[in-house]
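First up is the structure itself, then whatever we jot down about it.
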Amino acid sequence: DQQVKQNSPSLSVQEGRISILNCDYTNSMFDYFLWYKKYPAEGPTFLISISSIKDKNEDGRFTVFLNKSAKHLSLHIVPSQPGDSAVYFCAASDDNYGQNFVFGPGTRLSVLP
Amino acid sequence: NAGVTQTPKFQVLKTGQSMTLQCAQDMNHNSMYWYRQDPGMGLRLIYYSASEGTTDKGEVPNGYNVSRLNKREFSLRLESAAPSQTSVYFCASDSGGALMSQYFGPGTRLLVL
């Protein structure tokens, strides 16, 4: 059973609008969360992180929200740009060491011009 | 500064053949990882090395062996390839510590016939 779920395999958004990518997890011990972005034929690249002591973290156009009681996090991209078209993975861990991160299956975001 | 490099980029094997996937990083990172990515699934950890001279199993180690040759290099070996090992393989590294994101290589696409 997947511990980290991204229930939307794909998402299309108009350029300039908000993109919201969702991630749900089942393990209540998870305290550290990362988002990665992946372009075709490339490896994932780190985007933004959050730990459970916060409920929000912002970095430019990217904001991650964490709702621990709902075991849910979301990534907001505002405004969306065509270059944001990629697959987005969320990952979660209970001890923030690399070997213990569990990855979701990813959501493919398409930003339409 | 090349980051994390992987060779080869693509490989076709017949069932029962062996091969070694190579990975190197030039960021002086302590920890290195091998993941596989299959359609509809997140990245799954095969093996990792927390420091030079140490290796440990991840979630899906069966059918694989690894060698941490030195601090820079971490290789993954398939002794007798099976069709179930058809996947995209990613190597990653990090400095090992609190909420450190991993740096990924571009991946090796492996097809086992």
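The values are calculated or read from the model by the stated rules, or taken from the named source; none is laboratory data. Please read these numbers as outputs of a predicted model, since none were measured by experiment. We place every Cβ from the backbone using ideal geometry, glycine too, and count neighbours over all the protein chains shown.
Per-structure values
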item	result
Residues (surrounded by fewer than 21 Cβ atoms within 10 Å (Cβ to Cβ), among the polar types (S, T, N, Q) and either within 14 Å of chain A (Cβ to nearest Cβ) or closer than 21 Å to residue B:24 by Cα (or both)) located in the range B:84-96	B:95
First in the range A:99-110 and away from chain B (no Cβ under 11 Å), second anywhere and basic (Lys, Arg), Cβ under 9 Å, 6 or more apart	A:109/A:37
Number of the exception - residue A:112 against (1) surrounded by 18 or more Cβ atoms within 10 Å (Cβ to Cβ); (2) touching a Pro at 6+ places or on another chain (Cβ under 9 Å); (3) over 21 Å from residue B:47 (Cα atoms)	(1)
Odd one out for residue B:81 among (1) among the hydrophobic types (A, V, I, L, M, F, W, C); (2) in a loop (DSSP other than H, G, I, E, B); (3) within 10 Å of another protein chain (Cβ to nearest Cβ)	(3)
Residues of the range B:3-31 satisfying the condition of being within 9 Å of chain A (Cβ to nearest Cβ) and at pLDDT 95 or above	B:4, B:6, B:9
Failed item, numbered, when residue A:11 is tested on (1) within 13 Å of another protein chain (Cβ to nearest Cβ); (2) farther than 24 Å from residue B:103 by Cβ; (3) assigned to a strand (DSSP E or B)	(1)
Selected residue [under 14 Å from residue A:98 (Cβ atoms) and either assigned to a strand (DSSP E or B) or touching a His at 6+ places or on another chain (Cβ under 6 Å) (or both)] from B:67, B:101, B:75, B:93	B:93
Residue satisfying all of: in the range A:86-98; without any contact (Cβ under 8 Å) to a residue 60 or more places away in the chain and more than 8 Å from chain B (Cβ to nearest Cβ); nearest to the chain's Cα centre (by Cα) among these	A:87
Residues located in the range A:85-104, provided they are under 12 Å from residue A:36 (Cα atoms) and either surrounded by fewer than 21 Cβ atoms within 10 Å (Cβ to Cβ) or aliphatic (A, V, I, L, M) (or both)	A:86, A:87, A:91, A:92
Answer residue from the range A:49-66, given it is within 13 Å of chain B (Cβ to nearest Cβ) and either farther than 23 Å from residue B:44 by Cβ or at pLDDT 95 or above (or both) and is farthest from the chain's Cα centre (by Cα) among those	A:53
Matching residues, the range B:53-64, being modelled with pLDDT of 95 or more, more than 22 Å from residue B:13 (Cβ to Cβ) and not in a strand (DSSP E or B)	B:55
Pick from the range A:32-45, criterion under 15 Å from residue A:76 (Cα atoms) and either of a type outside the set (A, V, I, L, M) or more than 7 Å from every other protein chain (Cβ to nearest Cβ) (or both), ranking: surrounded by the fewest Cβ atoms within 10 Å (Cβ to Cβ)	A:37
Residue check for residue A:75: farther than 30 Å from residue B:9 by Cβ, more than 13 Å from chain B (Cβ to nearest Cβ), touching a Ser or Thr at 6+ places or on another chain (Cβ under 8 Å) and without any contact (Cβ under 8 Å) to a residue 60 or more places away in the chain	no
Residue pairs meeting the criteria (Cβ under 7 Å; at least 6 apart or on separate chains; first more than 14 Å from chain A (Cβ to nearest Cβ), in the range B:57-70; second outside any loop (DSSP other than H, G, I, E, B) and of a type in the set (D, E, K, R))	B:64/B:77; B:65/B:77
